[in-house]
Amino acid sequence: MDLKLEVIVLPVSDVDRARSFYEAAGFRMDADHAAHDDYRVVQFTPPGSECAVIFGKGVTSAEPGSVRGLYLIVPDIEKAHAELSGRGVEMSEVFHDAGGIFQHGHGAQGVTHQGGEAERVPGPHPDRADYGSYATSATRTATAGCSRK
């Protein structure tokens, strides 16, 4: 049986600001529907992904900005960084963690994953290891990204 992750709900404080962010990042807008004044749902899908993000008004009771630790996986972190920055997305510099291990605790967006604290080292992973290099959005609207070889 196939099991596919299809939608992630993101609680946001400003729906139009979030929409502008995902439009600038090049995500495809799938829907922007308001059933009434207290309900609006917006859905975007990253290029090449089958999983979308939805956000809006009345969509979730979760605290805005509470979703953490989501990753956009890209084949080339430096190219993705340049493209997103060129689209006006405020990005951190590319970095890797001294332990070189995915989910080792790089502290992206204030998240420290299991494995303890790690040193955030400027530049991509020296061996270009899978899941070894990262860049984060400067806004809380976005998710972190990491690269595969």
**OP:** Consider E63 carefully, then state whether it is more than 25 Å from S133 (Cα to Cα) and open to solvent by 40 Å² or more (accessible area, probe 1.4 Å).
**Re:** yes
Original post:
Considering only residues of the range 66-82 that are among the β-branched types (V, I, T) and closer than 19 Å to A129 by Cβ, which is surrounded by the fewest Cβ atoms within 10 Å (Cβ to Cβ)?
Top reply: I73
Subject >> Enumeration of residues in the range 25-37 that are surrounded by 13 or more Cβ atoms within 10 Å (Cβ to Cβ) and in a loop (DSSP other than H, G, I, E, B) >> reply: A25, G26, F27
Original post:
Going by the structure shown, is V59 of a type in the set (A, V, I, L, M), closer than 30 Å to D2 by Cβ, under 14 Å from the mean Cα position of the chain (by Cα) and in a loop (DSSP other than H, G, I, E, B)?
Top reply: no
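Residues are listed down the side, and each one gets a yes or a no for (1) among the small types (G, A, S); (2) closer than 21 Å to G88 by Cβ; (3) at pLDDT 95 or above:
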| residue | (1), (2), (3) |
| --- | --- |
| I8 | no, no, yes |
| F21 | no, yes, no |
| A25 | yes, yes, no |
| R40 | no, no, yes |
| P64 | no, no, no |
Original post:
Across the range 38-58, what is the number of residues that are out of contact with any helix residue (DSSP H, G or I) (no Cβ under 8 Å at 6 or more places or on another chain) and open to solvent by 40 Å² or more (accessible area, probe 1.4 Å)?
Top reply: 8
Original post:
Since S85 meets every condition but one in (1) among the polar types (S, T, N, Q); (2) at pLDDT 90 or above; (3) over 20 Å from E23 (Cα atoms); (4) exposed (fewer than 14 other Cβ atoms within 10 Å of the Cβ), which condition does it not meet?
Top reply: (3)
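The values are calculated or read from the model by the stated rules, or taken from the named source; none is laboratory data. The model shown is predicted, which means the values in this text are computed figures rather than measured ones. Quick reminder, even Gly has a Cβ in these numbers, built from the backbone with ideal geometry, and neighbours come from all protein chains shown. Surface accessibility is based on the protein's heavy atoms, side chains included, excluding ligands, DNA and RNA. Shrake-Rupley method; radii C 1.70, N 1.55, O 1.52, S 1.80 Å.
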